[in-house]
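> Please see the structure below; I have some questions.
The values are calculated or read from the model by the stated rules, or taken from the named source; none is laboratory data. Note that the structure is a prediction, hence the values are computed from the model and not measured. Here the Cβ positions follow ideal geometry from the backbone for every residue, glycine too, while neighbour counts run over all protein chains shown. With ligands, DNA and RNA removed, areas are computed over all heavy atoms of the protein, side chains included. Shrake-Rupley method; radii C 1.70, N 1.55, O 1.52, S 1.80 Å.
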Amino acid sequence: MNHSPHEPMSVVETRLAHEVHRVATALLAEAALRPSAPLGTLAQLRDFLVVNLRHHHETEDEDLWPRIVATSPAAADALGELSAEHERLDEALDALAAVVLSGDAEAGRPALHEAAVAVRDTVHSHLAHEEPVLFPALREHVTPEYWADFSQRVIATTPPVAGHLMIGFLDEVGTPEEVALMLAALPEPVLPLLPAMRAQAAHDLRTLRGAEA
């Protein structure tokens, strides 16, 4: 997970976001059938994934891709193919969001597992296609000034659904220095809440992994 000290923040932040998506989708697929994983905690992770994956690719399609194409028109075809993959991801997310997990819904675990596996496989395949295109484009065609503004827009518009899980996953996939750089951009009122968010995330992730005593 180490990166060159010369990597721009655009690459660092995107890589960490993608690693969160890989780890979180894999965890949901794995935990869905674990009897010890509470339905409420599974539903929380499911909802976190649905809103964050949608928001992530929408900001790419509507903001980041057009910026890159404006600077490098030759990238249009490759980015267009990635946007088509985003549409297929949306279909998988729709199915995941539709799984009923409220009340006495133990019967929902197999359906959750099936839908979560579809999202996991779609996300992992998509990122394997996207990163060889996106990372060079970020290095060559996105200025630090644009990225700082873009990143702030992403933070400001991210739906506040189980945000503590993002902190927990970032701590797992990034170095302390990388995570500190990302979290420094959070709104000032959120910063004092980080210790409690970390503690809640650690508890929830242990529970989902079956490691809670």
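Yes/no per residue for (1) at pLDDT below 90; (2) within 21 Å of HIS18 (Cβ to Cβ):
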position	(1), (2)
TRP65	yes, yes
GLY80	yes, yes
GLU87	yes, yes
LEU93	no, yes
VAL99	no, no
ASP104	yes, no
LEU127	no, yes
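> Please verify whether ARG34 is open to solvent by 20 Å² or more (accessible area, probe 1.4 Å), assigned to a helix (DSSP H, G or I) and in contact (Cβ under 8 Å) with a residue 24 or more places away in the chain, treating the condition exactly as stated.
On the way: open to solvent by 20 Å² or more (accessible area, probe 1.4 Å): yes; assigned to a helix (DSSP H, G or I): no; in contact (Cβ under 8 Å) with a residue 24 or more places away in the chain: yes.
Answer is no for this residue.
> Please identify the pairs in which a residue from region 184-213 that is exposed (fewer than 13 other Cβ atoms within 10 Å of the Cβ) has its Cβ atom under 9 Å from the Cβ atom of a residue that is assigned to a helix (DSSP H, G or I) and among the aliphatic types (A, V, I, L, M), counting only partners at least 6 apart or on another chain.
Hits for this filter: ALA184/LEU191; PRO187/ILE155; PRO187/ALA156; LEU191/LEU183; GLY210/ALA31; ALA211/LEU205.
> Restricting to region 155-185, name every residue that is aliphatic (A, V, I, L, M) and out of contact with any Leu (no Cβ under 8 Å at 6 or more places or on another chain). Quick ask: steps written out before the conclusion?
Step one: list which residues in region 155-185 are aliphatic (A, V, I, L, M), which gives 155-156, 161-162, 165-167, 170, 173, 179-185.
ALA156, VAL161, MET166, ALA180, LEU181, ALA184, ALA185, listed by residue number.
> Considering only region 64-121, state which residues are open to solvent by 40 Å² or more (accessible area, probe 1.4 Å), assigned to a helix (DSSP H, G or I) and over 29 Å from VAL11 (Cα atoms).
Those that are open to solvent by 40 Å² or more (accessible area, probe 1.4 Å), assigned to a helix (DSSP H, G or I) and over 29 Å from VAL11 (Cα atoms): ALA95, ALA97, PRO110, ALA111, HIS113, GLU114.
> Name the one entry in HIS56, HIS6 that is open to solvent by 10 Å² or more (accessible area, probe 1.4 Å) and without any contact (Cβ under 8 Å) to a residue 12 or more places away in the chain. Explain how you work it out, then say what you get.
Details: HIS56 fails: without any contact (Cβ under 8 Å) to a residue 12 or more places away in the chain.
Going through HIS56, HIS6 in turn, the sole match is HIS6.
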